[in-house]
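I have placed the structure first, in the form of structure tokens, so that the comments after it can refer back to it.
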Amino acid sequence: MRTAIYPGSFDPITNGHVDIIQRGVQLFDQLYIVLSHNVNKRYLLTLEERVELTKEAVAHLNDVQVVVSENMLSVDFAKSMGAIAIFRGLRSVTDFEYEFAMAMANRKLAPHIETVFLTADPTYTYLSSSVIKEIAKFDGDVSDFVPTGVAHKLKTKFDD
Ligand code: ADP
């Protein structure tokens, strides 16, 4: 059984994330989407909302599960789930610099866990959770960029 994890904030999940998940699960038997929750980080959505929206967005996929990791290193979480790889998505050179450093650090901490990079689909290279939140905040239409549930949730968040 080859298991991988895909850690991130997913605040909120976008179509770019879903694309990485769909492609990633084809390479492994099982993929855990790991929603990181860090007490020092500010999120727009609550942990419960992020979990619910992420589950909804991947409900059509077999062998994908959504789990939560609180204040834990990705490599330690991977080990605890019996995973052999950590997925990350790469959109740009800016992503690369950060991700490369993180992958090196993780390799030092846990040499047996591989970081696997999937390059973003060209349709989604400009998509980030922050851009989505910025558009939604000013009442822009995000329906082409995120799963339906996310678009609805953002609307209610910013209408409040
Ligand atoms: P983090 O806070 O850990 O960066 P994110 O939820 O923003 O978490 O992203 C999780 C992973 O998904 C990261 O590897 C990020 O580079 C990748 N990612 C984010 N947006 C996209 C996208 N549009 N296409 C491909 N990968 C993406």
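For trypsin sites (Lys or Arg not before Pro), no site in the stretch 45-147 is both called loop by DSSP and has at most 15 other Cβ atoms within 10 Å.
With θ taken as phi - 60° and the Karplus curve 6.51 cos²θ - 1.76 cosθ + 1.60 applied, the whole-hertz 3J(HN,Hα) list for the stretch 2-12 is 9, 10, 10, 10, 10, x, x, 7, 6, 10, x Hz, x standing for glycine and proline. Listed values for the stretch 56-65 are Karplus-derived 3J(HN,Hα) couplings in whole Hz (6.51 cos²θ - 1.76 cosθ + 1.60, θ = phi - 60°), namely 4, 5, 10, 4, 7, 9, 7, 6, 10, 10, and x replaces Gly and Pro. Summing Lys and Arg as +1 and Asp and Glu as -1 over all other residues whose Cβ lies under 15 Å from the Cβ of residue 60 gives a net charge of -1. Maximal additional length on extending the residue 73-residue 148 stretch stands at 23.9 nm, based on 0.36 nm per residue less the C-alpha distance. For the stretch 75-80, backbone phi angles converted through the Karplus equation (6.51, -1.76, 1.60; θ = phi - 60°) give residue-by-residue couplings of 5, 5, 5, 4, 4, 5 Hz, Gly and Pro being listed as x. Apolar share of the accessible surface for the chain: 52 percent from carbon plus sulfur atoms, 1.4 Å probe. Cα centroid separation, the stretch 1-60 to the stretch 119-146: 16 Å.
When shorter helices are ignored and each DSSP H run of at least 4 residues is given -39500 (n - 2.57), the per-residue value for the chain at 222 nm works out to -12500 deg cm²/dmol. Scaled to the globular estimate 2.2 N^0.38 Å, the Cα spread of the chain, given as radius of gyration, is 1.01. Around the amide H of residue 119, modelled in the peptide plane, lie the amide H atoms of 90, all under 5 Å away and 5 or more residues distant in sequence or on another chain. For the chain, the solvent-accessible area with a 1.4 angstrom probe is 56 square angstrom per residue. Residues 99, 52, ordered by accessible area of protein heavy atoms at a 1.4 angstrom probe radius and largest first, appear as 52, 99. Would you mind checking the tilt of helix 93-109 against the longest principal axis of the Cα atoms of the chain, expressed as 0 to 90 degrees and rounded to 10? The helix 93-109 is inclined about 40 degrees to the chain. If you plug the beta carbon distance of residue 156 and residue 102 into 1/(1 + (r/R0)^6) with R0 = 45 Å, you get a FRET efficiency near 0.85.
Could you tell me the number of lysine pairs in the chain with C-alpha atoms less than 12 Å from each other, where the two lysines are 8 or more residues apart or belong to different chains? Close lysine pairs found across the chain: 6. Axis of helix 15-25 versus longest Cα principal axis of the chain: the two differ by about 30°, to the nearest ten degrees. Around the amide H of residue 33, modelled in the peptide plane, lie the amide H atoms of 6, 65, 66, 67, all under 5 Å away and 5 or more residues distant in sequence or on another chain.
The values are calculated or read from the model by the stated rules, or taken from the named source; none is laboratory data. Predicted, not measured: the structure shown is a model, and the values here were computed from it. So basically every Cβ, Gly included, is an ideal-geometry build from the backbone, and we count neighbours across all protein chains shown. The area values use the complete protein model at the heavy-atom level, side chains included, leaving out ligands, DNA and RNA. Shrake-Rupley method; radii C 1.70, N 1.55, O 1.52, S 1.80 Å.
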